[in-house]
Amino acid sequence: MINYSQILSLNYVGAQWSMDGSEYSGLEWYDSTPKPTQEELDALWIPTQEADSKAANKATASQLLANTDWASISDVGSPSNNPYLGNQADFIAYRNVIRAIAVYPPAGEIVWATPPTEVWLQGE
């Protein structure tokens, strides 16, 4: 089912309108710009879904990066500290995969990489 409110919110930012129900016939257009036709809005449905999916994937990737920010601090992996993260390189590799998604988010379902488990070692 096409979500006209979602299409309008994303593609007609600042336009004045309201929806009574979920069908195009329930669209009341109050804006000074021409009211989009149902065909115009229908054509925007797939791109709107893709944009929303990309935004959701970017948000998830950003949160996953935030969850592992601590692992990228240089002294966390330094053997001169006690304890130190023995597998910091695994975290850096994981973060590189996630960062690529955050920067260039794809649309659709993603099978997310599993974050590494912390391995703490005793320093010198």
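The values are calculated or read from the model by the stated rules, or taken from the named source; none is laboratory data. Quick caveat, the model's predicted, so the values are computed rather than measured. Glycine also receives a Cβ, built like all others from the backbone with ideal geometry; neighbour counts cover every protein chain displayed. Side chains included, ligands, DNA and RNA excluded: accessible areas come from the protein's heavy atoms. Shrake-Rupley method; radii C 1.70, N 1.55, O 1.52, S 1.80 Å.
Of note:
- Here the label points at I110 and D20, each 7 Å from Cα along the C-beta direction, are separated by 4.2 nm in the simple model.
- Only the Cβ atoms of Lys and Arg (+1) and of Asp and Glu (-1) were treated as charged; on that basis the dipole of the chain about its Cα centre amounts to roughly 380 debye.
- Proportion of all alpha-carbon pairs of segment 49-121 beyond 22 Å (%): 31
- R0 of 25 Å, Cβ-Cβ distance L10-V97: FRET efficiency to nearest 0.05: 0.35
- Ellipticity estimate at 222 nm from DSSP helix runs (n ≥ 4, -39,500 (n - 2.57)) divided over the chain, nearest 500: -13500 deg cm²/dmol
- Farthest towards the positive end of the charge dipole of segment 5-124, among the residues G26, L65, A15, is the Cα of L65, using unit charges on the Cβ of Lys, Arg, Asp and Glu.
- Dipole of the chain, positive end: most advanced residue of T37, P105, V76 [Cβ charges, Cα centre]: V76
- Protein-only accessible surface order, largest first, of S53, S9, S74 at 1.4 Å: S74, S9, S53
- Stokes-Einstein D for the chain, Kirkwood Rh over Cα pairs, 20 °C, 1.002 mPa s (µm²/s): 120
- Value of relative contact order over the chain, rounded to a whole percent, pairs C-alpha under 8 Å and six or more apart: 24
- Accessible surface of the chain [probe 1.4 Å, protein heavy atoms]: carbon and sulfur percent: 54
- Helix 45-67 axis, angle to the chain major axis (alpha carbon atoms, nearest 10°): 20
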